[in-house]
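J.: Below: one structure in structure tokens.
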């Protein structure tokens with residue numbers, strides 16, 4: 001007996017939720033934002049957030065007692081604007097395969113081969129694009145994702161309001177102000193605190209000469225602009241070479257400072273931290289990608305993210321529909337995966353990047 005569309009959807013109904021949940025949880029940034037409820041449902045043609053570019057008042061020093069108060073009311077309200085981007089994927093299962101199979105196990109196998117594999121590929125494309133501005137090309141080409149805001153400030157050809165330029169530049173705050181790239185609809189400027197933290201390590205030394213100092217320094221700077229030491233970045237994403245050297249450096253410090261005993265063998269050595277942040281290695285953040293070629297990021301790149309000030313508002317949460325018979329040019333049943341939203345950062349000085357950490361000493 002062949003598999004009917006009804007039987008396919010009955011089984012798929014139990015698996016759609018876990019598939020979508022796995023899609024969100026397998027992305028480091030999405031998982032952090034979901035945990036903090038930073039992926040709200042929100043309508044409108046623009047995702048907008050207001051921020052003050054300066055204090056709305058001026059004070060006076062009282063030396064005699066009859067000084068006049070400065071009643072100047074300064075308004076420097078700026079508005080970030082990011083246009084939501086929508087992506088859709090048609091997942092097709094040929095009716096030929098439905099007719100050639102029978103039973104619930106066969107249905108599960110078809111679901112694993114088609115919608116599950118597709119969603120895993122979509123996740124990989126999105127994750128790489130958010131980190132680098134380039135897709136892996138498994139489901140979406142790079143051009144299909146240019147409506148999303150990417151973390152990579154080297155990107156200058158995004159499509160849509162607020163996403164033309166990537167979020168985090170690999171330049172000093174002064175150079176960011178000089179170039180005045182428009183990010184999220186507002187030109188970068190130190191005068192209105194619209195810039196990210198940045199430090200570059202000598203490309204020939206990396207960890208061999210600098211160790212953890214640049215990473216900790218950027219962490220402190222991000223924490224300062226977020227409100228203090230207890231408000232530092234909570235997510236650090238490194239390319240794998242930098243992560244390897246960071247892992248080695250941390251292990252050496254632990255051996256030197258702490259007593260090594262049986263507890264060491266029972267810990268998850270892949271779960272590294274820096275301050276309050278979880279440190280992740282991402283294969284998608286590849287310093288050897290052409291997008292980083294001939295830039296300071298080609299010798300290693302680490303993003304320091306404070307997700308208290310990053311959101312991903314959704315007009316349509318990631319979802320995959322039931323399978324329906326398609327009337328058209330193909331003999332298939334089709335389910336649609338779709339999502340619509342975009343990333344927005346409400347306090348850019350609390351975010352940062354360090355480049356050059358891998359240097360020429362990177363190991364596999």
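J.: For the pair residue 189/residue 86, report the inter-label distance in nm, with labels modelled 7 Å from Cα in the Cβ direction.
T.: 3.5
J.: Here's a follow-up. Could you tell me the relative contact order of the chain? Use alpha-carbon pairs under 8 Å, at least six residues apart, and round to a whole percent.
T.: Relative contact order for the chain comes out at 24 percent.
J.: Please give the Cα centre distance for region 12-39 versus region 134-176, rounded to the nearest Å.
T.: Computed from Cα coordinates, the inter-centre distance equals 23 Å.
J.: What translational diffusion coefficient, to the nearest whole µm²/s, does the chain have by Stokes-Einstein, given a Kirkwood radius computed over alpha-carbon pairs, a temperature of 20 °C and 1.002 mPa s viscosity?
T.: Taking Rh from Cα pairs, D becomes 94 µm²/s.
J.: Could I ask something else about it? If I stretch the segment between residue 327 and residue 5 completely, what's the gain in nm (0.36 nm per residue apart, minus their alpha carbon distance), one decimal?
T.: Here the answer is 114.5 nm.
J.: Taking the number of other C-beta atoms within 10 Å as the exposure measure, put 241, 14, 66, 286 in order starting with the fewest.
T.: Going from sparsest to densest Cβ surroundings: 66, 14, 286, 241.
J.: What is the packing order of peptides 179-185, 128-134, taking the mean over residues of other C-beta atoms within 10 Å and listing the highest first?
T.: By packing density, highest mean first, the sequence is 128-134, 179-185.
J.: On a 0 to 90 degree scale, rounded to 10, what angle separates helix 213-226 from the longest Cα axis of the chain?
T.: The answer is roughly 90 degrees.
J.: Along Cα→Cβ, 7 Å out, is where each label goes; now give me the distance between the ones at residue 22 and residue 109 in nm to one decimal.
T.: Label at residue 22, label at residue 109, 1.7 nm between them.
J.: Within a 10 angstrom radius of the beta carbon, how do 242, 156 rank from fewest other beta carbons to most?
T.: By the 10 Å Cβ count, ascending: 156, 242.
J.: Give the percent of DSSP beta bridges with both residues in the chain that are antiparallel, rounded to the nearest 5.
T.: Roughly 80 percent of the DSSP beta bridges within the chain come out antiparallel.
J.: How much mean residue ellipticity at 222 nm does the chain get from its helices, if each DSSP H run of length 4 or more adds -39500 (n - 2.57) and you divide by all residues, to the nearest 500 deg cm²/dmol?
T.: Taken over the chain, the calculation gives -8500 deg cm²/dmol.
J.: Tell me, 91, 354, 60, 186 in order of fewest to most beta-carbon neighbours within 10 Å?
T.: 60, 186, 91, 354
J.: Angle between the Cα long axis of helix 117-132 and the longest principal axis of the chain, 0 to 90 degrees, nearest 10?
T.: Helix 117-132 and the main axis of the chain meet at about 20 degrees.
J.: Next question. For the chain, take the longest principal axis of its alpha carbons; what is the angle in degrees between that and the long axis of helix 240-257, to the nearest 10 within 0 to 90?
T.: 60
J.: Still on this structure, I have one more. Rounded if a/c is under 1.5, else prolate if a/b beats b/c, else oblate: with a ≥ b ≥ c from the C-alpha gyration tensor eigenvalues square-rooted, which is region 82-128?
T.: prolate
J.: Still on this structure, I have one more. Looking at the chain as a GNM with Cα springs under 10 Å, which of 28, 113, 316 has the largest mean-square fluctuation?
T.: 113
J.: Over all distinct Cα pairs, what is the inverse of the mean 1/r for region 46-188, reported as the Kirkwood hydrodynamic radius in Å?
T.: By the Kirkwood definition, the hydrodynamic radius is 19.4 Å.
J.: Something else now. For region 1-110, what size does the Cα cloud have along each of its three principal axes, sorted from largest down, in whole Å?
T.: 96, 25, 19
Read-outs: derived from the displayed coordinates by stated rules, not from any lab. Computed from a predicted structure; not experimentally measured. Methodologically, a virtual Cβ is constructed for each residue, glycine included, from the backbone with ideal geometry; neighbour enumeration extends over all protein chains shown.
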